[in-house]
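Report on the following structure.
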Amino acid sequence: MSDDDDELAELRAQRAAKTGQITLSSMRQRLDNARAPGLEAASLDANDDLDADAERHQALLINGANGHAQPMAEAPEGEDISIGPALLTEEDELVGPPMPPETGDGDDGDAWDGRGLGEADEQEDPYRLPVTSEIALEGQGKYVASLDVDHSGSRVIAGSRDYSVRLFDFNGMKSDMKSFRRIEPFDGHPVHAVSWSPSGDAFLAVTGAAKIKVLDRDGTERGESVQGDMYIRDQKNTKGHVSPCTYGHWHPTDRYTGLTSSEDGTVRVWDTWNVVQKTVIKPTLPKPGRISVSMARYNHDGHLIVAGLNNGTIQCWDIRGKFGASAAIGQVLPPKAQMQAKQDWRYVSGGGQVLHEAHTKDCEITSLAFSKDNNTLLSRAADDTLKVWDMRKFKAPVHVWEDLPAMHPTTQAGYSPDECLILTGISAGRDGSGGALAFFDAQSKRLVRRIGMPSSVVAVQWHAKLNQIFVGTGDKKSGCVRVLYDTTWSTRGVVQTVGRKPRGKNPFDFQAPLVIHNPHALPMYREDRPHGKRKREKDRMDPIKSQAPERGSAAQLKPGTGGTIGSTGGTLLTQYILKNQGMLRNPAEEDIRASILRHADAEGDQFSTFTRAYAKTQPERIFAEEEKDEEGSDKEG
């Protein structure tokens, strides 16, 4: 063997020692260690025979591969030649699948384990967080208060404090990461929550208005709820919320049910198909009054509803079975307008599990999240804490993390898909320090990782199918959705859109300029625009403004020529014949006086027409005598 072959064999042996690949020599070593001490001497001769047989089989394979057929040697007496694959020595190729190509230095000691990470990488990040890459979707005017990804992972909706909701479609999105639709559910009201239906055909939009909207997958409105009568004191008699909404969540399994919370102190369950309420839930309060419900949502199977109040109270209801009583029983007669429809919804007051002052008093709860076994509850509040609760012992928190600033009313917290980690957003400090996304171990309760962001982190969601983390960030001036992913562990989503290059600009492209008409602009800024009907008629008479063509010699022609209305001048044969026979006269040449006098008698009597019946019986006209005025005779007498 040459020096190159020796060096190659040595490198292969070193690599086998690092990766733990099985070679012929290692197999022999393990076999020798397992044998009894008394059989060591007997095994030496057998190993020598095994080496000789291996060399003969290897020579046959090599010669056969080179195209030179060699006759099989006869086996000596007492020996047996094995038929099958040749046995390789440690100087030849290793046993097992081939090693992948090395991307780094051969001396770094990182061994590839077939999943994209080496041993050193696993030691650095045993949780395999998909945070090696980051990309930002199209920005919004203010921070993103809520976001949701549908079950398939193909579309994302993001609601911002700039009153808008943006829809992103990964199947059609290019690398510019632009949304395909932007809508404003209610003008002038910031978006507090968005939630997909379990089938992904519609989503719920909850804003600062007292009404909610249900929109389909493309952003077209399906329905809008009604607002309750604000002058009715008892909330069970109102058809809807009477104060601004604070949060909303679609039922995880029922595509026709959702819930919302409001500042009127109620949680309402809605029929999302007809957009009418089904149940009104009023939490238990320590004293009479009205306290805003800042957060409400379902658990994973939809059997529980949990709500957080602005006074730090957490309350949970089990909605299985008969839940609540009819709102039409024992009611005080409402106004006539309220009786237009029957109160067919249900009403619940109090009940369930209640924990007062779960967080600091007069501190709103920003997020609640259940584990899949429904035994653990996460609560995030504006008192800069994140707490873990055991629902079986709902009296004291299991663990509390402090010093986690939450400056925004919708700062969220949640679990990873395997529920090994807990993640939450951290708001940016007033001193200019940025926000962060924090990961905690669910078992040891220690901080695993903290990923800094340029602004506050408000909405967070870790999608199980995509293995991507969606983060809603921003401040009062700008905001966007940032997606954290790993090129090896993450699938679809933004991974398939990064490589799509948008269409480039062409010098022959044209787009009509956008014209904005402001009817109330000041005269100095007002632009000329078309005037009314009378102005257009007046301009039509002006040959300069109307740009009429020059008439030339046509102005000297008779009526009917040169664009004016009139007769044809006798050009037709029929008109020529009638005119010559006296049957067709020109109205302009007719004498009106002569035509009137033509009907008078020869004597010129204008009364003969009316007195012709008395011509024979009374040829002489007899007129009535004049009667004297009686008043005049009285004066004479």
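The values are calculated or read from the model by the stated rules, or taken from the named source; none is laboratory data. Keep in mind it's a predicted model, so treat the numbers as computed, not measured. Backbone-built Cβ (ideal geometry, glycine too); neighbour counts: all protein chains shown.
I'd like to know if region 466-473 contains one or more residues that are of a type in the set (Phe, Trp, Tyr) and touching a Lys or Arg at 6+ places or on another chain (Cβ under 9 Å). Yes, that holds for at least one residue. Residue-level check: of (1) assigned to a loop (DSSP other than H, G, I, E, B); (2) modelled with pLDDT of 70 or more, ASP601 misses just (2). Selection of region 559-598 for residues being at pLDDT 70 or above and within 30 Å of ALA548 (Cα to Cα) yields only ALA588. On the basis of being β-branched (Val, Ile, Thr) and surrounded by fewer than 22 Cβ atoms within 10 Å (Cβ to Cβ), does ILE212 make the cut? Judged against the criteria, ILE212 is not a match.
Does region 423-431 contain at least one residue that is in contact with a Phe, Trp or Tyr (Cβ under 6 Å, 6 or more places away or on another chain), within 25 Å of GLY248 (Cα to Cα) and either buried (at least 18 other Cβ atoms within 10 Å of the Cβ) or at pLDDT 95 or above (or both)? Within region 423-431, one or more residues are in contact with a Phe, Trp or Tyr (Cβ under 6 Å, 6 or more places away or on another chain), within 25 Å of GLY248 (Cα to Cα) and either buried (at least 18 other Cβ atoms within 10 Å of the Cβ) or at pLDDT 95 or above (or both). Restricting attention to region 490-530, the residues that are over 30 Å from GLN468 (Cβ atoms) and either assigned by TED's automatic domain parsing to the domain that holds SER175 or of a type in the set (A, V, I, L, M) (or both) add up to 7. Keeping to region 277-319, report how many residues are basic (Lys, Arg) and either modelled with pLDDT of 95 or more or assigned to a strand (DSSP E or B) (or both). Here the count works out to 3. Here LYS395 meets each of (1) buried (at least 19 other Cβ atoms within 10 Å of the Cβ); (2) modelled with pLDDT under 95 with one exception, condition (1). Name the residues in region 531-550 that are over 23 Å from PRO519 (Cα atoms), of a type outside the set (D, E, K, R) and within 53 Å of the chain's Cα centre (by Cα), would you? Listed by number, the list holds a single entry, SER546. Scanning region 512-543 for residues that are part of a helix (DSSP H, G or I) and surrounded by 10 or more Cβ atoms within 10 Å (Cβ to Cβ) turns up LYS535, ARG536, LYS538, ASP539, ARG540. Condition check: farther than 18 Å from LEU368 by Cβ and either in contact (Cβ under 8 Å) with a residue 12 or more places away in the chain or in contact with a helix residue (DSSP H, G or I) (Cβ under 9 Å, 6 or more places away or on another chain) (or both). Does HIS463 satisfy that? So HIS463 passes the test. Scanning region 431-477 for residues that are part of a loop (DSSP other than H, G, I, E, B) and among the hydroxyl-bearing types (Ser, Thr, Tyr) turns up SER433, SER444, SER455.
Go over the candidates PHE394, PHE439 one by one and state the one that is closer than 24 Å to ALA296 by Cβ, in contact (Cβ under 8 Å) with a residue 40 or more places away in the chain and among the aromatic types (Phe, Trp, Tyr).
PHE394
Of all the numbered requirements in (1) part of a strand (DSSP E or B); (2) of a type in the set (Val, Ile, Thr); (3) modelled with pLDDT under 95, THR253 misses one, and that requirement is (1). Any residue in region 400-408 that is under 26 Å from the mean Cα position of the chain (by Cα) and closer than 23 Å to LEU129 by Cβ? Yes, some residue in region 400-408 is under 26 Å from the mean Cα position of the chain (by Cα) and closer than 23 Å to LEU129 by Cβ. Of all the listed residues (GLY200, GLY223, GLY240, GLY228), the sole one being under 19 Å from the mean Cα position of the chain (by Cα), modelled with pLDDT under 95 and part of a loop (DSSP other than H, G, I, E, B) is GLY200. Figure legend. Inter-residue proximity from region 264-282: first residues in the same structural domain as ASP234 (by TED's automatic domain parsing) and aromatic (Phe, Trp, Tyr), second residues surrounded by 19 or more Cβ atoms within 10 Å (Cβ to Cβ) and not in a strand (DSSP E or B), beta-carbon distance below 7 Å, spacing 6+ or different chains. Indicated pairs: TRP270/SER225.
Checked against (1) surrounded by 17 or more Cβ atoms within 10 Å (Cβ to Cβ); (2) modelled with pLDDT under 90; (3) among the acidic types (Asp, Glu), ASP176 meets all criteria but (1).
Restricting to region 253-309, and then to whatever is among the basic types (Lys, Arg) and touching a Ser or Thr at 6+ places or on another chain (Cβ under 6 Å), can you tell me which residue is surrounded by the most Cβ atoms within 10 Å (Cβ to Cβ)? It would help to see each step written out before you state the result.
Of region 253-309, the ones among the basic types (Lys, Arg) are 255, 268, 278, 282, 287, 290, 297.
Next, only the ones that are touching a Ser or Thr at 6+ places or on another chain (Cβ under 6 Å) stay: 255, 268, 282.
Details: ARG255: 15, ARG268: 29, LYS282: 20.
Residue satisfying both the conditions and the ranking: ARG268.
Every listed requirement among (1) buried (at least 23 other Cβ atoms within 10 Å of the Cβ); (2) at positive phi is met by HIS241 save one, (2).
Considered as a group, the residues in region 163-186 that are in contact with a Phe, Trp or Tyr (Cβ under 9 Å, 6 or more places away or on another chain), part of a loop (DSSP other than H, G, I, E, B) and touching a residue at least 40 places away in the same chain (Cβ under 8 Å) include one that is nearest to GLU224 (Cα to Cα), and that residue is TYR163.
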